[in-house]
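Each remark here refers to the structure printed beneath this line.
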Amino acid sequence: MAMELPHPHSWRVADRSLSSDEKRAIVDAYAQIHARGVLHGDVALRHILIGMSIPQNFHRFLRLALGRDGKPTIINFRRAACLRPAMKIGLGGCSTHEFQLEMRQVKFLLDYQGAREFEYELATKCRSATGMNAREGPSLVFPVGLALHDCAMTADTNIRVSVSHK
């Protein structure tokens, strides 16, 4: 498979220092992918490239930071799926519910419009509800975007869990 360059000049891998405009552009990019019936399947910052442009008078700036144009390119569709499976090319099927879940994961990852706080509150409510109803003891509920491979967890004997992001 071949693809065109993400930006004619330069690009960077997305990181936690994204501007609100860049976050909005990334959410819009995933919405466009979903509108075409495709699920990315592996939401991670390392799969988002942000375009950078060289200032017109670059020779004056020499080694100063490149300007950002903020146009995202989503890469690595190895785990992609679509509404209409295409098994000949290795694309399995997915449901509309999975699109909603993936968009929640994107927003959590970017902390788009307070999504992390919302997901943590939701997880806390679920944990409280399941803890009260379960006879075998409290269960652990994590926010939608917090995958085990993205964090390190430690638990003590009192079932307190501390999570630290890598």
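Details
- Of the listed requirements (1) at pLDDT below 85; (2) within 19 Å of residue 31 (Cβ to Cβ); (3) of a type outside the set (Val, Ile, Thr), residue 67 misses just one: (2).
- Across segment 14-40, the number of residues qualifying as of a type outside the set (Val, Ile, Thr), buried (at least 18 other Cβ atoms within 10 Å of the Cβ) and in contact (Cβ under 8 Å) with a residue 60 or more places away in the chain comes to 6.
- Positions within segment 105-117 being at pLDDT below 95 and either touching a Phe, Trp or Tyr at 6+ places or on another chain (Cβ under 7 Å) or under 11 Å from residue 31 (Cβ atoms) (or both), in sequence order: 115, 116
- Test set (1) modelled with pLDDT of 90 or more; (2) not in a helix (DSSP H, G or I) - residue 102 fails condition number: (2)
- Where a residue in segment 113-130 is under 15 Å from residue 101 (Cα atoms) and its partner, wherever it lies, is assigned to a helix (DSSP H, G or I) and charged (D, E, K, R), with Cβ under 7 Å and at least six apart: 115/107
The values are calculated or read from the model by the stated rules, or taken from the named source; none is laboratory data. Every value quoted in this text rests on a predicted model; they were computed, and no experiment measured them. As a convention, Cβ positions derive from the backbone with ideal geometry for all residues, glycine included, and neighbour counts pool all protein chains shown.
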